[in-house]
């Protein structure tokens with residue numbers, strides 16, 4: 001049983017009438033890679049800023065390793081932040097940027113520059129210490145921001161959409177590297193992102209935010225395979241949401257459920273239904289060939305549409321377009337269905 | 001027709017540029033540099049004490065006169081005043097600018113901007129005269145001091161030769177107060193502009209890395225806004241060096257550079273000495289800018 005790193009007790013943050021964060025409970029464990037995932041304005045960044053101390057909760061308490069930090073200023077908290085815009089000091093060299101935290105602590109110059117050089121090695125950017133931030137690329141600045149935040153040996157590292165400004169290739173590379181660095185330094189990472197793929201790739205656990213509340217907390221597999229709410233089903237990956245009315249005709253019970261497009265098998269209309277599966281007949285209305293896979297839009301006889309995704313293991317673009325307008329029988333395993341509560345939307 | 005003209009200039013970008021730049025360049029070279037050169041030349045002539053005529057002959061005797069102890073005292077007095085006024089303006093301008101740049105709502109910011117620059121819309125002389133009333137023997141300050149029984153303290157302060165005089169309205173302190181008042185907008189605007197350009201995340205990052213607000217100010221905010229402070233101080237410093245109205249109205253018998261120039265040029269027609277006097281502030285400003293550069297004020301430019 002590991003220690004609790006960060007604890008939110010009934011935390012709210014209101015800006016005037018806007019409830020940016022609305023009565024949140026949250027427990028992040030020591031050494032965990034924890035992601036806060038949600039669309040912009042869902043309260044995830046505000047939560048992160050409250051951990052750092054840039055915002056104060058309107059109500060509730062925040063604990064860092066058992067200590068109530070709700071009223072502590074940022075400089076007195078044992079956490080450090082990697083900012084979205086990196087926030088490197090433009091008037092200082094790279095090594096002075098990295099050594100800033102040590103300079104504030106009063107560490108001697110030679111000592112702190114030695115530490116800064118070590119950090120530069122950790123982020124695989126030796127030899128840039130004498131340069132100014134403006135002379136580095138976005139990806140490099142990102143690593144410097146990381147090195148600067150880690151030099152103080154924080155108990156937790158807070159990352160505010162740190163990869164948002166990078167291009168896709170670099171982003172994927174940094175995802176792997178961040179994860180490696182986390183393993184190496186072994187501290188808690190709290191990672192804010194609106195990119196569900198990023199959250200799924202890197203996290204030990206994910207909290208999905210919407211409108212100031214947490215919709216679900218769980219492992220990436222949990223959140224993906226068993227979305228607790230319609231919002232999670234829609235936001236994390238793509239998902240088919242089947243209404244209670246249509247569900248009644250397919251499953252026999254009027255319970256809303258979600259099913260992932262890749263779990264559905266697109267079969268011939270005359271194939272028998274497997275025993276452990278649900279089936280639904282329909283007509284293929286649209287076919288989008290995407291190289292690696294093809295996306296089909298199927299209009300169900302029982303009402304509503306389902307999106308189906310199948311890999312092009314044996315099929316070519318010629319084959320898949322022929323399926324358009326044909327009748328089909330869809331089948332998916334019962335265990336792949338996630339039943340969803342009575343919420344709206 | 002219009003199309004033809006614009007096509008003509010489109011094909012000749014150099015000609016277009018020349019036409020655009022000619023008026024400001026002529027203005028700058030003839031009026032600005034020209035008048036400065038005239039000043040410089042004049043300062044090497046001298047005034048014949050017997051005839052009262054300017055003798056157009058190269059000589060160093062005007063500069064020799066300029067470097068007499070009484071005149072050097074004028075330079076010293078004016079420079080100290082300019083430094084004090086500049087420091088006071090920085091101290092007053094920074095908090096207000098910081099509030100405007102960081103906390104004020106856009107609406108509030110507009111109002112504050114208006115309030116800061118509003119005094120510049122009215123006549124300088126009117127504003128200076130109004131201070132005469134505030135500082136006068138029977139003015140608001142003396143009245144308020146009597147009301148709270150601090151008039152003894154005020155009188156004791158005014159007896160001090162260096163800062164005092166017959167009343168606040170005739171004392172170096174009076175000059176100082178009025179200078180700070182009239183030049184303050186010139187300090188607020190550049191500092192505010194510099195503060196606006198510092199992203200909030202930089203200040204948060206400093207705090208996040210353990211810096212107290214005071215440390216953040218010293219290591220991040222001040223270095224990044226220093227060019228703005230210097231820009232403002234160039235205004236307050238040089239305007240104080242050259243001003244003659246305020247020392248005239250609020251001064252004791254001691255001269256300041258501006259007043260000296262006015263007296264020599266206007267009253268005694270000693271244009272060479274007046275010209276030599278104006279070389280003083282120019283030299284002081286050059287020294288000032290060199291010091292500013294040494295302190296790194298222009299590194300960010």
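The values are calculated or read from the model by the stated rules, or taken from the named source; none is laboratory data. Remember, it's a predicted structure, so these values are computed and weren't measured experimentally. With ideal geometry, Cβ positions are generated from the backbone for all residues, glycine too; neighbour counts draw on all protein chains shown.
Every condition in (1) within 14 Å of chain A (Cβ to nearest Cβ); (2) outside any helix (DSSP H, G or I) is met by residue B:255 except one, and the failing one is (1). Scanning segment B:217-240 for residues that are within 12 Å of chain A (Cβ to nearest Cβ) and either under 19 Å from residue B:87 (Cβ atoms) or buried (at least 22 other Cβ atoms within 10 Å of the Cβ) (or both) yields B:218, B:220, B:221, B:222, B:223, B:225, B:226, B:227.
Answer yes or no: is there a residue in segment A:121-140 that is outside any loop (DSSP other than H, G, I, E, B), closer than 25 Å to residue A:32 by Cα and within 14 Å of chain B (Cβ to nearest Cβ). No, segment A:121-140 has no match at all. In segment B:199-211, is there at least one residue being buried (at least 17 other Cβ atoms within 10 Å of the Cβ), more than 14 Å from chain A (Cβ to nearest Cβ), in a helix (DSSP H, G or I) and free of Cβ contacts under 8 Å to residues at least 40 places away in the same chain? Within segment B:199-211, not a single residue is buried (at least 17 other Cβ atoms within 10 Å of the Cβ), more than 14 Å from chain A (Cβ to nearest Cβ), in a helix (DSSP H, G or I) and free of Cβ contacts under 8 Å to residues at least 40 places away in the same chain.
Consider segment B:212-249 and keep the residues that are outside any helix (DSSP H, G or I) and over 11 Å from the mean Cα position of the chain (by Cα). The one that is farthest from residue B:100 (Cα to Cα) is B:244. Going by what's in this entry, would residue A:116 be described as under 21 Å from residue B:202 (Cβ atoms), facing chain B (nearest Cβ under 9 Å), at pLDDT 90 or above and assigned to a helix (DSSP H, G or I)? No; evaluated as a whole, the condition is false for this residue. Residue selection: residue A:130 satisfies the criterion of being without any contact (Cβ under 8 Å) to a residue 60 or more places away in the chain, assigned by TED's automatic domain parsing to the domain that holds residue A:104, over 16 Å from the mean Cα position of the chain (by Cα) and within 24 Å of residue A:98 (Cβ to Cβ). Against the numbered list (1) more than 14 Å from chain B (Cβ to nearest Cβ); (2) at pLDDT below 90, residue A:188 comes up short only at (2).
Within segment B:222-267, the residues that satisfy the criterion of being touching a residue at least 24 places away in the same chain (Cβ under 8 Å) and farther than 24 Å from residue B:287 by Cα are B:245, B:246, B:249, B:250, B:251, B:252, B:254. Of the residues in segment B:178-195, at least one is within 30 Å of residue B:124 (Cβ to Cβ) and within 14 Å of chain A (Cβ to nearest Cβ). Selection of segment A:90-102 for residues being more than 7 Å from chain B (Cβ to nearest Cβ) and out of contact with any helix residue (DSSP H, G or I) (no Cβ under 6 Å at 6 or more places or on another chain) yields A:92, A:93, A:96. Of the strands (runs of 3 or more DSSP E) contained entirely in segment A:152-251, those carrying at least 2 residues that are farther than 26 Å from residue A:79 by Cα fall at A:240-242. Total residues in segment A:61-89 satisfying the condition of being away from every other protein chain (no Cβ under 14 Å) and in contact with a helix residue (DSSP H, G or I) (Cβ under 8 Å, 6 or more places away or on another chain): the figure is 1. Residue A:163: without any contact (Cβ under 8 Å) to a residue 40 or more places away in the chain and surrounded by 22 or more Cβ atoms within 10 Å (Cβ to Cβ), yes or no? Answer is yes for this residue. Restricting attention to segment B:84-117, the residues that are free of Cβ contacts under 8 Å to residues at least 40 places away in the same chain and closer than 25 Å to residue B:204 by Cα add up to 10. Screening segment B:99-149 for helices (runs of 4 or more DSSP H) wholly inside it with 1 or more residues that are within 27 Å of the chain's Cα centre (by Cα) and closer than 17 Å to residue B:195 by Cβ returns the ranges B:106-117.
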